Each structure stands twice: as structure tokens, then as C-alpha cells.
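Since the structure comes first, as C-alpha cells, the remarks are kept for the end.
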Amino acid sequence: MRRILAATTAATLLLLAACTDDVERAARTPDATASPTPTPTAPPSPTKTAEPRSPWSLPALMTEESTSERPRRLRVSVDDPAYTEYEVRYRSGDLRVSGVLLIPTGQGPFPGVVLNHGYIEPSVYVTGQGLSREQDYLARQGFAVLHTDYRGHASSDPAGDLDRETRLGYTRDAINAVHALAAEPKVDAERMAMLGRSMGGGVTMNALVAQPDLVDAAVLYASVSSDYLDNLRRWTLPERPEAAQRLFDRFGTPQEAPGFYDALSARSYFDRIDVPVLSHHGTLDESCPLPWARTTHRLMRRAGVRGTLEVYDGEQHAFGPQWTDSMETTVAFLRRHLRR
């Protein structure tokens, strides 16, 4: 690493350390429940008509019109009595994004669920990776599923640096995946949902505030923070300091340009969410600390969101022993809110 980058990054770390809160301390604690839950300094202000100050912001995404068409089926990857799985590509703006599509056996029309996976290094990611358990479970329960790979993953078109680091490109792909799935003949476009795990939870929250009428219900699993800076401090600064430095060079540090980073935080716009949100989180989540989920839930409720937080004692980030229980709760939630 160049000496100037190391020196600048070190200085930035010191700047960020001055405003580090309990959420950041919790991220370094294996048992998140042992750390105090952070208290927000002020409730989010009404943002129903947020004006974009930067094209790299959630308000800019709010002004976009998103459309797609039926995914192009490349091949059958699973032929099961309960469903057929296809490798597909669908349109996301000017890009083509890969993924897997699962259509239950039967006439339909079936309710649809778009799945947004968590962070997996793009260079090793393979199509459909990250939520294979959820794909199979939901398809067997009668849901049509489109799992998006995101741009820059598998056989999707490449992603730009800012698309990745702001997660706005991934959010666009998730939004367009809903439109693509709704175009399937056997899918009921009036009954659509979204489910996101870890980083995909953040992508899902972004989609909910950007396009409030996109889906009818949403589920978050072991989600990242709804505050962009929490995630930047937790992962980008220690693991990809060069990427963080590019952000600071272009847009300013968090202290120099707080509004830019607020505009990348879904919690700034929770009052735009009009659908029920179910969140699952383990007390021993070693990646995304439980206080993040508690704060997100509290801020959603304060903003009027119909939010529910299910906490699983002893469960870690990947969800093991209580995963089936969580999926039973998820299916019941989706059936309740995706009724005609």
C-alpha cells in the first residue's frame, strides 16, 4: 500500500474513532447482548419527499423508474417434483444480471419472493449462492423465487466501484428483480415480497425506502446495520481501506460530509416504508451484532413501520439449530401478508 494512503487512512480512522458509538463496540464483541444498545441521538425526520443532493444517494434512487421483463431462462438446473429451478438472466437498467428462478409445480399463479444474498467475495461467488436453503424451502411452500446474483457476480455484467461500495447498484438489481419476477406468467404480480440476509438485508431496506410500493412484505435475516457508517466502520475501513479512501477522496470524510453518508442510510428514510417487515436475529451473531437489529427495529417502529423483531437465543449469524423455526415463522408471515 502506498505510504500516503496508509497515512491518510490512519488519520481517517482516528477521526472516526472520535465519533464511534456503542454499535461499533458491539461489533467487536462476540456476544452482542453483552454490549449496551446504542441510543439514536434524534428520531428520523419526515422524508416522504426527500430531494436528491447527489446521484449517489437513496433519494436519487427514489426518483428512478424501474422496469424489467420476464427473465431469460438459460438452462434447467434442478428438476424436482415440487419445483423447477432455472438459471436465468434478467434486465436491470442497461445491465444484465444473472440468478436462479424457482417455479413451483402447478398452475399458479404463485406469490413471488425476491432473495437478496449476503456478502460473498465476488471473485469466488457462483450463481444462486448464499440462500440455497431458503430457495428450496420457499419453493416447496408454493412461492415462486428469484434469487439475484447482483451485478459483478457470477455471469452478471460488471459492477462499478461505487455500485459495490454504496450498495446502490445491488439495490437497483433487487428492485428490478421484483419487476422481472412479476412478469413471469405463473407469478401473481399483486403478491410480491423480498427477503434479504446480512448485506442483503441492507439491500432490502434500501429497496423498501426507495420504492415503497414495490412489494407487499419484507423479511430481514441477520441484517447489517441500517446506518451506512456502521457498516463502513465494521468492514470497509479494516478490510478494504483503499475503497474507503476513494469514497473520502471523492465525497469527503463522514465528518466533512455527514449528509452524503446519511443519504446512503436506509434509517434516514424509514417513514417511507409502507409494508410490514419481519426481522430475524441471533443473540450470538458474530458478524452483525444484535444491537444493530434492535436499533433498526426501534427506529422503524418510531417511524410507523409495522415491524417485528424475532430474537433467537444462542443463534449465530449463519442460523443453524433454529433456522427451520425461523422459516416457519417467515412462511406464516408471508402467507398472512400476501393474501389477495
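We did not get these values from a lab; they are worked out from the coordinates using the rules stated. Computed from a predicted structure; not experimentally measured. So basically every Cβ, Gly included, is an ideal-geometry build from the backbone, and we count neighbours across all protein chains shown.
Quick notes on this structure:
- Here the peptides 289-300, 198-209, 115-126 are ranked by packing, the mean other Cβ count within 10 Å, and the order with the highest first is 198-209, 289-300, 115-126.
- Protection proxy ranking, highest mean first, for peptides 265-274, 180-189: 265-274, 180-189, where packing is the per-residue count of other beta-carbon atoms within 10 Å, averaged.
- Across the chain, the relative contact order, built from alpha-carbon pairs under 8 Å that are at least six residues apart, equals 20 percent.
- The modelled label-to-label distance for the pair Gln129/Arg73, using points 7 Å beyond Cα in the direction of Cβ, is 2.6 nm.
- With Cα atoms, 0 to 90° folded angle of helix 290-302 axis to the chain main axis: 80 degrees
- If the segment from Ala318 to Ile120 were pulled out straight at 0.36 nm per residue, it would be longer than the present Cα-Cα gap by 70.0 nm.
- Segment Thr283-Glu65, extension gain: residue separation times 0.36 nm, minus the distance between their alpha carbons: 74.6 nm
- Gyration tensor (alpha-carbon) shape descriptor, region 144-265, a/c threshold 1.5: prolate
- Under-5 Å amide H pairs with Ser156, H placed in peptide plane, nonlocal only: Ser98
- Using alpha-carbon coordinates, inclination of helix 168-182 to the longest axis of the chain, degrees: 10 degrees
- Remark: the Glu239-Asp325 segment gains 27.6 nm on full extension, using 0.36 nm per residue and subtracting the alpha carbon distance.
- Once backbone amide H atoms are built at 1.01 Å from N, Asp188 has Phe110, Gly112 as its partners under 5 Å, excluding neighbours fewer than 5 places away on the same chain.
- Backbone amide hydrogens, once placed in the peptide plane, bring Asn116 within less than 5 Å of Leu195, Gly196, Arg197, excluding anything fewer than 5 places away on its chain.
- With all pairs of separate Cα atoms included, region 200-327 yields a Kirkwood hydrodynamic radius of 15.4 Å.
- A simple packing score, the average count of other Cβ atoms within 10 Å per residue, orders the peptides 160-172, 230-242, 138-150 as 138-150, 160-172, 230-242, with the highest score first.
- At the listed q of 0.11, 0.13, 0.14 Å⁻¹, the Debye profile of the chain, built from one uniform point per Cα, gives log10 I(q)/I(0) equal to -0.68, -0.96, -1.12.
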